[in-house]
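Quick notes on the structure that follows.
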Amino acid sequence: MRLAWLLTIPALAQPLALLKENPHYFVFRGKPTVLVTSAEHYGAVLNAKFDYKKYLDTLAADGLNLTRIFTGLYREVPGSFNIARNTLAPELADFLSPFARDAAGVYDLDQWNPAYWTRLRDFIAEAAKRGIVVEVCLTTTHYNETHWKLTPWQNNRNDVGVGLKHTDPWTLKDARLQAVVDKFLAKMAGELAEFDNIYYEICNEPYFGGPTLDWQRHTARVMKAADRGRHLISQNIANNDQTITAPDPNVSIFNFHYARPPRAVAQNYSLARPIGMNETGFDGFDDAVYRIQAWDFLAASGALYNNLDYSFTVGHEDGSFAAPATTPGGGSSALRKQLGFLKRVFERQNLAAMRPAEGVVSHARCLGREGVAYLCYAHYGELRNQFRPRYAVETAKKSVTWRAMLPAGQYEAVWWEPKTGRELARAAVTSNGSTELKTPEHSEDLALELRHK
């Protein structure tokens, strides 16, 4: 079984790694890359009714290369966060936990559930065939007592977790519970050791609900030892932004949620590690809102983007579910294709040489190699609501003049419409240190590639 999937990927493939020449980015199967997706709400493995092959086919067809899963230590209930047909909220009979469970729903923390581990390995193998990287999020904060009571830690025959509240488990205060968790980490590392298309995340949103930094460092240390350092480990730092002052040496990726605008990238660029936005959503149904977040984050030298896509549900694993207005976010085939175009644009850049190039082109956020090549992006999304910023996108068409501070020489300018992936215009540009660039008519947002001739 394992040999069969190994034969489908390039020989001697190494796991996802940092790009040596520019560790703000990744290298996967020998090619520099960014990770971009619009993915389901993390239940693809633990929800036994979810057809993950159809789901992965959809991501691959749209040109996306990432998904994020929870491991089965946590589940939600229908109606959680107003998410319609939430993949992370299966019925108990359809919920696959890593641990064995009897007919009454009581867990045995001394026994593994073979069906879970078989499904997990097959999911990773199917993703590998399609060139999709999987973020294996080891656990999550428990947002309330309702979610906490659904976990194996509150319903087991082993008397583990007795008396704990939902804010207690990820604090190292309960040695018996932590011993079970450490055993789970070792099991996970062993089961997934040979896959090249994974990285581990310590905990989803640990800044809510009690997980401590000491516990996160312990988890990273245990996981790295069990995994023998083969796979990258990520840490979810904050919502929006935060300057990391004491980075964990066992962590290689620093992920943020809802990082719009992308201040977190510049704040932590000096760490020379990939900065990701591995969750955004809760911003309505307008595709432009999420496309702008993705382009703006990567144009700031971010390396990873994931949008919560509520069009993926059981029975709609092709991303065709029309979520009701009460659902907190969007997702669509059109958006996924737009993000696929974004990924292709970034992958054709020389990522090893690309650095932030702010101020090179007015009105735009740029990456570049001075005097050689630049990728610039501008949008007409106005951030509103300081507590929870959301973009209101201007849709009127316009043509404007940008000023470019370019080293003297001849350049080719190619203008792109991110919404459609359509080339809008191509022109020769002569610079004597400063030049004006007249944009083609456009709306919502605009991308520009500049290359020295």
Taking H as built 1.01 Å from N, whose amide H comes closer than 5 Å to the amide H of N255, not counting residues under 5 places away? Q235, N236, I237, G276
How many angstrom separate the Cα center of the range 256-334 from the Cα center of the range 158-210? 26
Using only Cα atoms and rounding to the nearest 10 degrees, what angle (0 to 90) does helix 114-129 make with the longest principal axis of the chain? 20
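Would you calculate a helix-derived [θ] at 222 nm for the chain, using -39,500 (n - 2.57) for each DSSP H run of n ≥ 4 and dividing by the full residue count, to the nearest 500?
On the way: 9 runs with 101 residues, N = 453.
The per-residue figure over the chain is -7000 deg cm²/dmol.
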What share of the DSSP beta bridges in the chain is antiparallel, in percent to the nearest 5? 60
Under 18 Å by backbone N from the virtual spin label 7 Å along Cα-to-Cβ at R130, the residues of the range 331-373 are 331-344
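Based on the Cα coordinates of the range 343-415, what is the per residue volume of their convex hull in Å³?
Per-residue hull volume (Cα only) is 140 Å³.
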Charge dipole of the chain built from unit charges on the beta carbon (Lys, Arg +1; Asp, Glu -1), centred at mean Cα; most positive-end Cα among N155, F28, P418 is F28
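How large is the convex hull of the Cα atoms of the range 365-452 per residue, expressed in Å³ as a whole number? Write out the running numbers ahead of the final one.
Details: hull volume 9.0 nm³, N = 88.
Hull volume normalised by residue count: 103 Å³.
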Dipole magnitude of the chain, debye to nearest 20 (Cβ charges: Lys/Arg +1, Asp/Glu -1, about Cα centre): 860
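How big is Rg to Rh over the range 2-353, alpha-carbon atoms, Rh as the Kirkwood inverse-mean-distance radius? Don't skip to the answer; put the middle values down first.
On the way: Rg = 18.9 Å, Rh = 20.3 Å.
Ratio of gyration radius to Kirkwood radius: 0.93.
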Give me D for the range 216-351 in µm² s⁻¹, whole number, from Stokes-Einstein with Rh from the Kirkwood sum over alpha-carbon pairs, 10 °C and 1.306 mPa s. 98
Scoring only Lys, Arg, Asp and Glu (+1, +1, -1, -1) among other residues with Cβ under 12 Å from the Cβ of V251 yields +2
With Cα coordinates, the longest principal axis of the chain makes an angle with the long axis of helix 175-191, in degrees rounded to 10, of 60
Suppose the Debye formula is applied to equal point scatterers at every Cα of the range 59-118; what is log10 I(q)/I(0) at q = 0.15, 0.18, 0.25, 0.28 Å⁻¹? -0.59, -0.77, -1.07, -1.16
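Could you grab the relative contact order for the range 2-353? Cα pairs under 8 Å, six or more apart, rounded to a whole percent.
Values: 758 pairs, mean separation 80.7, N = 352.
Averaging sequence separation for qualifying contacts and normalising by length gives 23 percent for the range 2-353.
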Treating only the Cβ atoms of Lys and Arg (+1) and Asp and Glu (-1) as charged, compute the dipole magnitude of the range 365-452 about its Cα centre; round to the nearest 20 debye. 240
Normalised by the residues of the range 365-452, what does the relative contact order come to in percent, with Cα pairs under 8 Å and at least six apart? 38
Hey, could you pull the Cα Rg and Dmax for the range 116-210, both in Å? 15.0, 45
Return one number: the angle in degrees, 0 to 90 and rounded to the nearest 10, between the long axis of the Cα atoms of helix 213-227 and the longest principal axis of the Cα atoms of the chain. 90
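Would you mind ranking K173, K453 by Cβ crowding within 10 Å, fewest neighbours first?
Numbers: K173 13, K453 9.
If I rank by nearby Cβ atoms, fewest first, I get K453, K173.
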Can you list the trypsin sites (Lys or Arg not before Pro) in the range 206-310 that are in a DSSP coil and have 12 or fewer other beta carbons within 10 angstrom? R228
Compute the whole-percent fraction of alpha carbon pairs in the range 300-453 spaced more than 23 Å apart. 45
Cut-off under 5 Å, modelled amide H: who pairs with F99 long-range: N113
Proximal charge balance of Y391 [Cβ under 11 Å; K/R count +1, D/E count -1]: -3
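I want the local charge near D309. Using Cβ-Cβ distances under 12 Å, sum +1 for each Lys or Arg and -1 for each Asp or Glu among the other residues. Numbers along the way, then the final one.
On the way: positive: R68, R336; negative: E40, D62, E279, D287, E317, D318.
Taking every other residue near D309 into account, the sum is -4.
With viscosity set to 0.890 mPa s at 25 °C, what whole-number translational diffusion coefficient in µm²/s follows for the range 238-309 from Stokes-Einstein and a Kirkwood radius over Cα pairs? Can you show the working numbers first?
Numbers: Rh = 12.2 Å.
Answer from the Stokes-Einstein relation: 200 µm²/s.
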How big is the charge dipole of the range 289-379 about its Cα centre, in debye rounded to the nearest 20, if each Lys and Arg gets +1 on its Cβ and each Asp and Glu gets -1 on its Cβ? 240
Going by Cβ distance under 4.7 Å, what cysteines of the chain have no possible disulfide partner? C137, C203
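Every read-out reported here was derived from the displayed coordinates using simple, explicitly stated rules and does not represent laboratory data. Predicted, not measured: the structure shown is a model, and the values here were computed from it. All Cβ positions, glycine included, derive from the backbone under ideal geometry; neighbour counts span all protein chains shown.
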